[in-house]
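A.B. asks: Just dropping this structure here.
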Amino acid sequence: MVDLLLQASLVLLMLSIAGCMYRLLKGPSVSDRIAALDTIGILLLSMIAVFGMLQGTTVYFDIILVIGIVSFIGTTAFARYIERGAVMEDE
Amino acid sequence: MNEALAIGSAVIVLFGSVLSLFSAFGLIRLPDVYLRSHAATKSATLGVLFILTGAFLYYTFVHDVVSVKLLLGIVFVFLTGPVAGHLNARAAYRTGVRLWERSTRDDLKEALQQERAQAKKQAEIRDKLR
């Protein structure tokens, strides 16, 4: 029963990632693509959490944290890049 | 008893994935980047919070593991999701991405024009002093 519920949520998450991929490929502006990429990162994180629950291990928690941090930093860097034309500015 | 708790956490996880599916649907269907960022930021973050909370409860009840890392992940996603969405929408507006043509109100336009005019004036003064 639990396994069935978890597999169903994996399928739903996969469908959402597919929807975000559509927006990532099509998106008219760069910001659309960035938003889709950020959402894909967050969904990937939750997919890994569900996958870990299915396998019954605790080793994936580090991956969850790292993907969360890297996805946020990536979004921030992209947003700064399209706003000012540089990721880091030297004052 | 343990089985019921496990099923309860799995149902929470399933609810979170349904929310994520709604956010993907909004990301596809909504008309412009600002409306889409609502779907991408709010409901996706809530879905992930539900999934991670379900995972936390599952590990607590079934495996007797209270994972601080997972709690840290929940707090981190909760804090950074809206910030990333705001940064992205701000960058979109300042690089001139158009609003949906049926949007009726744009409060930021005047404020941004004033700010740009002021910055221009200050740059002129600086050039004169040089």
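The values are calculated or read from the model by the stated rules, or taken from the named source; none is laboratory data. Keep in mind it's a predicted model, so treat the numbers as computed, not measured. When we count neighbours, we look across all protein chains shown, and the Cβ atoms used for this are built from the backbone with ideal geometry, even at glycine. Just so you know, the surface numbers come from the protein's heavy atoms only, side chains and all, with ligands and any DNA or RNA stripped out. Shrake-Rupley method; radii C 1.70, N 1.55, O 1.52, S 1.80 Å.
A.B. asks: Whole number in Å², please: accessible area per residue of chain A, 1.4 Å probe, ligands, DNA and RNA not counted.
C.D. replies: Heavy-atom accessible area per residue stands at 51 Å².
A.B. asks: Related question: Can you list which of the chymotrypsin sites (Phe, Trp or Tyr not before Pro) found in the stretch B:1-102 are DSSP loop residues with at most 13 other C-beta atoms within 10 Å?
C.D. replies: Those that pass, being in a loop and sparsely packed, are B:Trp100.
A.B. asks: So, one more: Tell me, what is the FRET efficiency for B:Leu79 and B:Phe25 to the nearest 0.05, using R0 = 25 angstrom and their Cβ-Cβ distance as r?
C.D. replies: After rounding to 0.05, the efficiency reads 0.50.
A.B. asks: What is the extension gain from B:Val66 to B:Trp100, computed as 0.36 nm multiplied by their sequence separation minus the C-alpha to C-alpha distance, in nm to one decimal?
C.D. replies: In short, 7.6 nm is gained.
A.B. asks: Could you pull the Rg and Dmax for the stretch B:46-95, using just the Cα atoms, both in Å?
C.D. replies: In Å, with Rg to one decimal and Dmax whole: 15.0, 50.
A.B. asks: Any lysines with Cα under 24 Å of the B:Lys120 Cα? List them, leaving off those in the same chain fewer than 8 positions away.
C.D. replies: Of all the lysines, those that pass the test against B:Lys120 - Cα under 24 Å, at least 8 places apart if same chain - are B:Lys109, B:Lys128.
A.B. asks: Sticking with this structure for a sec: Once R0 is set to 30 Å, what does the formula 1/(1 + (r/R0)^6) return for the Cβ-Cβ distance between B:Gln113 and A:Tyr22, expressed as a FRET efficiency to the nearest 0.05?
C.D. replies: For B:Gln113 and A:Tyr22, the calculated efficiency is 0.25.
A.B. asks: Now, a different point. Tell me the total accessible area that A and B bury against each other, 1.4 angstrom probe, in square angstrom rounded to 100.
C.D. replies: So the total buried area for this chain pair works out to about 3900 Å².
A.B. asks: If you build the Cα gyration tensor of chain B and take the root of 5 times each eigenvalue, what three semi-axes come out, in whole angstrom, biggest first?
C.D. replies: So the three semi-axes of chain B are 45, 20, 7 Å.
A.B. asks: Same structure again: Treating the angle as unsigned and between 0 and 90°, give the value, to the nearest 10°, between the Cα long axis of helix B:44-62 and the longest Cα principal axis of chain B.
C.D. replies: 30 degrees
A.B. asks: Shape of the stretch A:25-77 from its Cα gyration tensor (a ≥ b ≥ c, root eigenvalues): rounded if a/c is under 1.5, otherwise prolate when a/b > b/c, or oblate?
C.D. replies: It comes out oblate by the Cα gyration axes.
A.B. asks: What shape does chain A have by the C-alpha gyration tensor, where a ≥ b ≥ c are the square roots of the eigenvalues, rounded means a/c under 1.5, and otherwise prolate means a/b greater than b/c and oblate the rest?
C.D. replies: Oblate, since a/c reaches 1.5 and b/c is not below a/b.
A.B. asks: Another question, then. B:Lys69: which lysines have alpha carbons under 27 Å from its alpha carbon, excluding same-chain residues fewer than 8 sequence positions away?
C.D. replies: B:Lys42
A.B. asks: Let me ask another. Given the C-alpha centroids of the stretch B:1-24 and the stretch B:80-130, what is the distance between them in whole angstrom?
C.D. replies: 41 Å
A.B. asks: By how many nm would the segment from A:Ser29 to A:Arg84 lengthen if fully extended, with 0.36 nm per residue of separation less the alpha-carbon distance?
C.D. replies: 18.2 nm
A.B. asks: Next question, about the same structure. How much solvent-accessible surface does B:Asp107 expose, in Å² to the nearest 10, with a 1.4 Å probe and all protein chains in place?
C.D. replies: Rounded to the nearest 10, the figure is 100 Å².
A.B. asks: Could you state the accessible area per residue of the stretch B:2-105 in Å², with a 1.4 Å probe and every protein chain left in place?
C.D. replies: With the other protein chains kept in place, the stretch B:2-105 gives 51 Å² per residue.
A.B. asks: I would also like to ask the following. What number do you get for the protein assembly as shown when its Cα radius of gyration is normalised by 2.2 N^0.38 Å, N = residues?
C.D. replies: 1.20
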